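Right, one structure below, let's go through it.
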């Protein structure tokens, strides 16, 4: 499902962007800067801010890029790698 129709950003893409932002960039403005969502009509602002709030309560994930299919895998971070 699309979160930002103007920039064609889907929920899973938004979660990945939020996962990669930190510090001062962990904000609505940081998401705007990272992927462009929320920079046009602004109708998605509530959805983006909700995802930011929800991500605070979630465990952090490791992003591992690349595969035979060219996808991005998201897995629960663990201490024993």
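The values are calculated or read from the model by the stated rules, or taken from the named source; none is laboratory data. Since the structure is predicted, the reported quantities are computational estimates derived from the model, not experimental observations. With ideal geometry, Cβ positions are generated from the backbone for all residues, glycine too; neighbour counts draw on all protein chains shown.
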Residues (without any contact (Cβ under 8 Å) to a residue 40 or more places away in the chain and either buried (at least 16 other Cβ atoms within 10 Å of the Cβ) or part of a loop (DSSP other than H, G, I, E, B) (or both)) located in the stretch 1-18: 1, 5, 6, 7, 8, 9, 13, 14, 17, 18
Looking only at the stretch 30-41, and only at residues there that are surrounded by 12 or more Cβ atoms within 10 Å (Cβ to Cβ) and more than 11 Å from the chain's Cα centre (by Cα), the one that is modelled with the lowest pLDDT: 33
